[in-house]
Amino acid sequence: MRWMSGGALSLAVVDEQRWVPRVAWFLTGQAVSLFGSGVVGFAIIWHVALDTRSATSFVIVSFVATAPQGLMSLVGGLWADRYNRKALVIGADAAIAVITVALAWLMLSGQDSLWLIAGALLLRALGGGIQVPTVAAILPSITPERHLLRVNSIFGSVQSAVYLAAPAVAAVLLSVWEIGWILLVDVVTALIAIVILALIAVPATPKVPVRAPASGAGAGSADDEKPARGGMSEAVRFVRNHPGLHRTMLLAVVVAALIMPGGWAIPIIVVKLFGDSLWMLASAEIGYSGAVIVGGLILAAWGGLRNRMTMMLLATGAWAVFTIAQGLAPWALLYIALWIPWGLVSPALMAVSLTVLQEETPPHLLGRVMGLLQVVFLLVVSFVLLPLGPLMDAVSPRWVLVVGGVLALLATFLLARKAPPLMAPPKAETTT
């Protein structure tokens with residue numbers, strides 16, 4: 001690790017002989033949960049986009065599905081550093097399942113207003129604000145540090161495999177089921193994920209090391225520990241004073257503000273530019289997810305560049321170029337095909353940035369730093385989407401993509417100047 005506090009600290013000691021099955025089961029449970037959430041998420045978003053054909057309505061739904069999760073991540077990250085992380089994930093999953101059952105019942109009873117859907121998505125997002133930073137904080141505690149990038153890359157591929165299947169399943173179900181019945185898919189997968197996680201041993205939440213006083217009777221040992229009690233301000237100070245993580249967060253802002261809105265708005269962009277065909281909506285998502293699987297497996301086998309800052313900057317610049325190209329694409333098939341290079345590059349940014357935060361952050365701050373990333377990313381995306389909806393109703397989405405891509409490219413060049421290096425940990429020597 002590149003951080004010290006009092007004495008040398010490390011992540012929770014991981015049993016080198018048993019970590020693989022534990023991580024495999026953990027990721028399996030999360031993949032099952034993601035599949036259900038993905039099917040339901042695509043079904044709801046497409047239901048709104050196809051039913052209203054309004055970018056404003058689409059943005060309202062997207063905003064309430066993301067902004068509350070970003071705000072709740074402040075609380076979720078704090079709780080992940082104070083309380084039992086396993087219990088937090090199980091509780092959040094269970095709460096989301098209960099909310100989804102209630103929404104399904106109301107919709108099957110004939111209530112299908114936009115505001116009902118928005119209200120349920122808001123409550124689901126609050127659960128996600130607890131679950132996402134907590135899951136990100138658990139993974140380093142059950143994975144040896146030198147394997148983190150590979151595990152994050154593999155998990156990215158697993159997530160993409162899930163999202164490869166999810167849009168296709170959502171498209172089929174939308175053609176044969178009412179939206180209310182589709183919601184119950186998420187309930188079943190949440191219950192499966194809860195059972196799997198309940199059977200996995202997760203290390204206790206790390207405590208804060210206490211520095212021994214310089215002198216004086218009764219001074220505590222440098223190895224003494226206490227539960228985390230600091231707030232999010234402690235995580236903010238840590239990131240602000242760490243040049244590499246500070247630059248990583250600024251890259252997250254660029255991506256969230258200028259690049260990702262075009263990705264989140266795929267349904268309304270496709271509907272407005274190329275027609276309201278479910279196969280086009282599904283093809284864009286499937287092409288991207290399939291490419292991420294390949295990109296993640298390549299990164300897991302390769303290990304990436306030693307300087308991870310360079311990888312993130314190159315990937316952000318590539319995404320900006322692809323966004324411009326999508327805005328200029330005259331045909332639906334070209335627009336859809338451009339999601340393939342997007343996906344291939346994705347792990348070089350998403351998996352690498354997550355790994356950097358996990359490697360550089362002390363265990364007792366990890367939940368809050370993960371929550372901070374969620375806050376930065378989701379709130380920026382959400383508030384950029386708000387004016388974007390009426391804008392895409394007034395002008396062609398092509399302008400939004402081209403201008404956003406050009407600004408992102410310029411911002412990436414500026415952030416690349418004197419960028420602090422973030423070097424991968426040295427490979428462990430083989431011992432006998």
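Things worth noting here:
- Structural descriptor for the chain: relative contact order 29 percent, calculated from alpha carbon pairs under 8 angstrom and at least 6 residues apart.
- Label-point separation in nm, Ala24 to Val195, each point 7 Å along Cα→Cβ: 2.0
- Gyration tensor verdict on the range 47-138 (Cα atoms; rounded if a/c is under 1.5, prolate if a/b is larger than b/c, oblate otherwise): oblate
- Nearest-ten-degree value, helix 85-108 long axis tilted from longest Cα axis of the chain: 20
- Reducing the range 404-419 and the range 237-264 to their Cα centroids gives an inter-centroid distance of 12 Å.
- Scanning residues 5 or more positions from Met423 or on other chains, those with amide H under 5 Å from its amide H are Arg308, with H placed 1.01 Å from N in the peptide plane.
- q = 0.12, 0.17, 0.23 Å⁻¹, the range 94-162: log10 I(q)/I(0) [Debye, one scatterer per Cα]: -0.50, -0.76, -0.97
- A Förster radius of 25 Å, combined with the Cβ-Cβ distance separating Arg306 from Val253, puts the computed FRET efficiency at roughly 0.50.
- Going through (i) 21.4; (ii) 25.6; (iii) 24.3, the figure that equals mean projected area of the Cα convex hull in nm² as computed for the structure here is (i).
- Across the protein chains, with a 1.4 Å probe defining accessible surface, the residues Val369, Val158, Val176 rank Val176, Val158, Val369 from largest area downward.
- Cβ-based net charge around Leu108, under 15 Å, with every Lys or Arg adding one and every Asp or Glu removing one: -3
- Taking all Cα pairs closer than 8 Å and separated by 6 or more residues, the relative contact order of the range 80-145 comes to 53 percent.
- Share of pairwise Cα separations in the range 274-412, more than 23 Å, in percent: 45
- Order of exposure, largest accessible area first, which applies to Val195, Val253 with probe 1.4 Å: Val195, Val253
- The residues Thr412, Thr28, sorted by heavy-atom accessible surface at 1.4 Å with ligands and nucleic acids left out, run Thr28, Thr412 from largest to smallest.
- Mean Cα-pair separation over length for the range 20-124, i.e. relative contact order, pairs under 8 Å, 6 or more apart, %: 33
- Axis angle, to the nearest 10 degrees, between helix 179-198 and the longest C-alpha principal axis of the chain: 10 degrees.
- By the helix-only formula, in which each DSSP H run with n ≥ 4 contributes -39500 (n - 2.57) and the sum is divided by residues, the chain has a 222 nm mean residue ellipticity of -25500 deg cm²/dmol.
- Nearest-ten-degree value, helix 19-52 long axis tilted from longest Cα axis of the chain: 30
The values are calculated or read from the model by the stated rules, or taken from the named source; none is laboratory data. This is a predicted model, so every value here is computed, not measured. So basically every Cβ, Gly included, is an ideal-geometry build from the backbone, and we count neighbours across all protein chains shown. Remember, those area values only see protein heavy atoms, side chains included, never the ligands or the DNA or RNA. Shrake-Rupley method; radii C 1.70, N 1.55, O 1.52, S 1.80 Å.
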